[in-house]
Amino acid sequence: MDTRKEPFWEGVRDVAPLLPGVFPFAVITGATALQAGLSPETVLGMAAGIFAGASQLATVQLLKAGAVPWVIVATALLINLRFVMYSASLAPHMAHVPTYRRWPLAYLLTDQAYALSMARFHHRPGEPAGHKSRYYAGTALTMWVSWMTGNLVGIGFGGRVPAALSLQFAIPLTFLALLVPLLRDRPTLMAAAVGGGVAVAGDGLPFNLGLVLGAGAGIAAALVTEALRPDAPAP
Amino acid sequence: MASGTLALVILAIGVGTFLERLSFIHLSDRLVLPRVVRRGLHYVPAAVLAALVAPAVLRPETALALPPGNWRPVAAALAALVAWRSRNMLLTLAVGMGGLWLLDGLL
C-alpha cells in the first residue's frame, strides 16, 4: 500500500501540525480533573466517554463549584451543541457510509477533524466518497489517540501539582484561548459580552442558573444585533 | 457529589454528546434546520465560553473580587491579549498562569 496516496494516512499527516495545540489542552484537562478530586478511572472515563475538552473542563469547574447535576449536564451539552452544526455539514459527505460505520465516525467528531475534512472536501469536490470518509477517519482517530494520551499524562502529574499554584485557573484561561479567536464580528462580541455579564450578575443564583441564563441572553443578544445590522462590518 | 451520581452525570453527557455528533450524520440530509436556529447555534460557543470565563475570573469564591484581593482579572486580561495576538493556547496558558503567580507573589 502506498501510504502517500491512502486518504487515511493523508488525514493522519494533515492533523499532525495541530497536535502541539491539542496535547497540552488534553494534559491540562486530565490534571485539573484529578486535582478537583476525581479518581483516575473517572477522569479516563470522562475523556473516553465525553471526548470533548471544553465540556470536560466545564464539568470539572462546575463539580468544584457544587453545581446540581442537571446544570452540569445542560452546560456540557450546550457547549457541545456545535457538533450538531458540524454533523449537519458533514452529513452529505457521509451518506455513502453504512449505518454501523457512521456511529463510530460520529463518536470521533471533533473541531479539528471537522475543520480539516471540510477544507479538503471544499478543495476536492470530485473526490470519491470512500476517500472522503477515510480521510476523515485518519484525522479523527489521530485526535482520539492524542486526546487519550494527553489525559493520561495529565493524570500522571495532576496529583503532584501543589494547590498553591492555582492550577484550576488554567480552566478559564483555556476557555479564554478558545473564545478570543471567535470574536471577529459584532454579534459574536455581543454574545460574549452579554453572556459573560449576565453570568457574573447571576453567579449567586441557586443551581448555577446564572450560567444558563448568561448563555441564553448572550445568544439572544447576538441574534438581535445581527437582525438590527445584518451586514455590520467586523470591528 | 456521590460517585454514583457523578458516574450518571458523565454518562448523560457522554450519551448526549454522542447524539449531538450523530444527529445529522445519521439522518443524512432528511432534515433542514430553520435559519434562526442555525444562526443561534453559530453564537452558542461564544456565549457559553464567556459565561464560563467571567464568573471564574471575577467571582472565584462566589463573592465579586477585584484587585488587589484577586489578581485573576489582570492575569486573564493579559492572557486574552496574548490569545488575540498569537492564537496560541500554550502561550496563553503560560502568560495567564505566570501572570497570576507573579502578581500573587509580588503584590
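Overview of values
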quantity	calculated
Label point 7 Å beyond Cα of residue A:161 along Cβ direction - residues of segment A:49-82 with amide nitrogen under 14 Å	A:57-58, A:60-61
Computed E for residue A:41/residue B:102 - FRET, C-beta separation, R0 51 angstrom, nearest 0.05	0.90
Helix-derived mean residue ellipticity, 222 nm - over the protein assembly as shown, DSSP H n ≥ 4, -39500 (n - 2.57), to 500	-24500 deg cm²/dmol
Accessible area of the protein assembly as shown belonging to carbon and sulfur atoms, whole % at 1.4 Å probe	69
Cβ-Cβ FRET estimate between residue A:134 and residue B:19, R0 fixed at 30 Å, reported to 0.05	0.75
Cα→Cβ-extended label distance, 7 Å offset, between residue B:87 and residue A:96, nm	3.2
Area hidden from solvent between B and A (accessible, protein heavy atoms only, 1.4 Å, total, Å²)	6200
Backbone N within segment A:5-44 under 20 Å of label point (7 Å from residue A:119 Cα along the Cβ vector)	A:5-26
Segment residue B:11-residue B:61, extension gain: residue separation times 0.36 nm, minus the distance between their alpha carbons	15.1 nm
Helix B:35-58 axis, angle to chain B major axis (alpha carbon atoms, nearest 10°)	30
Rounded FRET efficiency, nearest 0.05, which uses the C-beta distance separating residue A:153 from residue B:1 and R0 of 25 Å	0.45
Accessible surface, the protein assembly as shown, averaged per residue in Å² (probe 1.4 Å)	45
Interface residues in segment A:192-231 - accessible area drops by 50 Å² or more relative to the isolated chain, probe 1.4 Å	A:200, A:203, A:219, A:223, A:226
Residues along segment A:13-60 losing 50 Å² or more of accessible surface when the other protein chains are present rather than the chain by itself (probe 1.4 Å)	A:50
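The values are calculated or read from the model by the stated rules, or taken from the named source; none is laboratory data. In this text the structure is predicted, and so the values were computed from the model without any measurement. All Cβ positions, even for glycine, are placed from backbone atoms using ideal geometry, and neighbour counts span all protein chains on display. With ligands, DNA and RNA removed, areas are computed over all heavy atoms of the protein, side chains included. Shrake-Rupley method; radii C 1.70, N 1.55, O 1.52, S 1.80 Å.
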